[in-house]
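One structure is given below, encoded as structure tokens.
Any read-out appearing in this document is the output of simple, stated calculations on the displayed coordinates, not a laboratory observation. Model, not experiment: these values are computed from the prediction. Cβ atoms come from the backbone with ideal geometry, glycine included; neighbour counts cover every protein chain shown.
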Amino acid sequence: MSAPTTAPTTAPATAAAPPVDPVLARRLRRARTGKVLKAVAIVVVMLVFLLPMVWMFAAAFKTNVQVTDPSVGLWFKPTLENFRSVLEAGTLLRSMGNSVLIGVVSTLLSALLAVPAAWAVGRFDMRRTGSLVLIARIVPAVSLLVPWYYLFARAGLVGSYTVLILSHMFAAVPLILWIMTGFFAGLPVELEEAARTDGLSAFGAFWRISLPLAAPGTATACLLAFVFSWNNFMFSLVFADENTQTVPVTLYNFISYASTDWGGLMAAATLITVPVLLAAVLGQKYLVAGLTSGATKG
């Protein structure tokens with residue numbers, strides 16, 4: 001008997017790859033190109049904004065000779081002599097305390113005035129009144145220094161904390177009003193109407209309903225107002241004295257006609273900048289948390 005013959009086995013045919021849609025391929029290439037360009041743009045912007053700060057932080061640990069020497073880059077032997085001399089002088093710490101006091105008080109008083117005003121402008125369509133207040137953001141503050149100085153000098157307030165707080169409120173109130181008007185206008189009016197139906201007054205609805213929902217916007221406006229007060233130079237230069245001067249004026253004192261203490265100036269600028277950066281980072285985290293926790297679902 002002959003052995004049974006077996007049918008030859010053939011390898012399974014591989015499935016052909018589906019054709020690539022040219023339109024989809026172009027879209028994918030454009031999307032990848034857009035991501036790369038966006039990343040490059042972000043890196044360029046970060047370098048533009050971060051390089052001056054990196055140079056400032058590095059110069060704070062250099063001597064005056066190293067600061068003015070272009071051959072000395074980021075590789076050098078750091079020194080803490082600039083920070084020691086700045087802190088031992090005591091002027092910077094006193095001016096930082098003055099800036100904190102003036103900034104906190106002027107921001108709180110401005111918020112007490114501007115937040116209810118912004119709610120009224122946004123809810124009762126008082127656009128003309130709001131526009132009149134916003135004119136203060138358009139008028140150059142330098143044009144008001146002479147009449148202000150005359151009035152405050154006659155009242156005996158020049159050199160006091162009161163005149164600095166009032167002058168900083170001149171810019172903080174319109175800023176908070178401008179930010180909060182749009183924020184209140186974006187809140188659903190049905191919540192306040194429901195509260196009014198339950199027996200609350202108009203101010204009660206604002207206090208119990210709108211104000212808690214506007215807490216993230218209020219925090220943002222107050223943070224910006226405080227940063228403005230912290231960085232304000234012109235008002236403090238004109239109205240402050242040796243006991244009430246703020247940090248920008250103290251930085252200005254490091255510059256003289258004959259020479260400039262670059263090391264001390266950079267060390268003082270670093271000490272002044274770090275608290276504001278920390279406040280901004282921590283404030284941003286709490287603001288995002290407030291936005292998500294205060295969201296309402298329709």
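Find the relative contact order for the stretch 90-253 and round it to a whole percent, using C-alpha pairs within less than 8 Å whose residues are 6+ positions apart. About 40 percent, as a whole number.
Hey, quick one: spin label on Asp241, modelled 7 Å out along Cα-Cβ, who in the stretch 154-184 has an amide N within reach, i.e. under 15 Å? Answer for the stretch 154-184: 154-164. Counted over the stretch 90-253 with a bin width of 5 Å, the fraction of Cα pairs per bin, in whole percents, is 1, 9, 17, 17, 16, 13, 9, 8, 5, 3, 1, 0, 0. Modelled spin-label separation between Leu282 and Lys35, with each label point placed 7 Å from Cα along the Cα-to-Cβ direction: 3.7 nm.
Shown for the chain: lysine pairs separated by 8 or more places, or found on different chains, whose C-alpha atoms are under 27 Å apart, numbering 4. Seen against the Cα atoms of the chain and their longest principal axis, helix 215-231 is set at about 60 degrees.
Counting chymotrypsin sites (Phe, Trp or Tyr not before Pro) as exposed when in a DSSP loop with at most 11 other beta carbons within 10 Å, what is the longest stretch of the chain free of them? Free of exposed loop sites, the longest segment is 125-256. With springs connecting C-alpha atoms under 10 Å apart, model the chain as a Gaussian network and identify which of Ala214, Ala205, Ala111 has the largest mean-square fluctuation. So, out of Ala214, Ala205, Ala111, the one fluctuating most is Ala205.
Considering only Val249, Val45, Val36, the Gaussian network model of the chain with Cα springs below 10 Å gives its largest mean-square fluctuation to Val36. The local environment of Pro78, defined by Cβ-Cβ distances under 14 Å, has a net charge of +2 under the rule Lys, Arg +1 and Asp, Glu -1. Mean residue ellipticity, 222 nm, helices only, the chain: the sum of -39500 (n - 2.57) across DSSP H runs of n ≥ 4, divided by residue count and rounded to 500, is -22500 deg cm²/dmol. Of Thr107, Thr63, Thr260, the residue with the greatest mean-square motion in the GNM of the chain, using alpha carbon springs below 10 Å, is Thr260. Counting only alpha carbon atoms, the long axis of helix 262-293 and the longest principal axis of the chain meet at about 60°. At Tyr149 and Val54, where each label point lies 7 Å from the Cα along Cα→Cβ, what is the point-to-point distance in nanometres? The answer from the label model is 4.2 nm. Rounded to the nearest 10 degrees, the angle from helix 91-123 to the longest Cα principal axis of the chain is 70 degrees.
Inter-label distance, Trp75 to Ala25: 4.7 nm, where each label sits 7 Å from its Cα along the C-beta direction.
Relative contact order, whole percent, for the chain stands at 27, derived from Cα pairs under 8 Å and 6 or more residues apart.
Taking one quarter of the surface of the C-alpha convex hull of the chain gives a mean projected area of 35.4 nm².
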